[in-house]
Amino acid sequence: MRALLERVFRARVEDVDSGKAGVAKIKGGNRYDVIFLDLMMPEMNGNETRAELLREDSSLFIAFMSAFSDSQEWQIAKNSGAPLLVKPLELEHLIEVLTVP
């Protein structure tokens, strides 16, 4: 994902290894145009992380990604209204998510 964003979109990408670390970044004052969350992460899953991030800043643009589109976590994410990306990612779908007004 990182390589794709950097190569295709020339994006500056910062990644973390857990939802807890991502929340700490936002609490520390970091700001991002887009936040991608995997549904399956250590310490906090993607849905838990999204809820915590939105408590910090309700204007964040957050998209989910997962290889497990039949999981309970996927259904929760789907019900949240956040964009969902299935892994492996298709460039066309990623572009759709990134160009939503």
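Quick note: the coordinates plus some simple rules give every number you see, no bench work behind them. All values derive from a computational prediction rather than experimental measurement. Note that each Cβ is placed from the backbone with ideal geometry, even for glycine, and that neighbours are counted across all protein chains shown.
Its DSSP H runs of at least 4 residues, each contributing -39,500 (n - 2.57), put the calculated 222 nm mean residue ellipticity of the chain at -12500 deg cm²/dmol, to the nearest 500. What does the net charge come to around S58 if you take all other residues with beta carbon closer than 15 Å to its beta carbon, with K and R at +1 and D and E at -1? Local net charge: +1. By the Cα gyration tensor, region 47-101 has an equivalent ellipsoid whose semi-axes, rounded to whole angstrom, run 19, 16, 8 from largest to smallest. Charge tally around I76: other residues with Cβ under 15 Å, Lys/Arg +1 each, Asp/Glu -1 each, net -3. Shape annotation for the chain: C-alpha extents along the principal axes are 31, 30, 26 Å, from largest to smallest. Close amide-amide hydrogen proximity is noted between A63 and I35, F36, L37, each under 5 Å apart and 5 or more residues distant or on a separate chain (H modeled in the peptide plane; Pro and chain starts excluded).
About its Cα centre, the dipole of region 28-101 is roughly 100 debye, where the only charges are +1 on Lys and Arg Cβ and -1 on Asp and Glu Cβ. Cα convex hull of region 1-45: mean projected area in nm², to one decimal? Taking a quarter of the hull surface, the average projection is 3.3 nm².
At full extension, L60 and D17 could sit 13.6 nm farther apart than now, given 0.36 nm per residue minus the alpha carbon distance.
Peptides 71-82, 43-54, 87-98, 6-17 ordered by packing proxy, namely the average of other Cβ atoms within 10 Å per residue, highest first: 43-54, 71-82, 87-98, 6-17.
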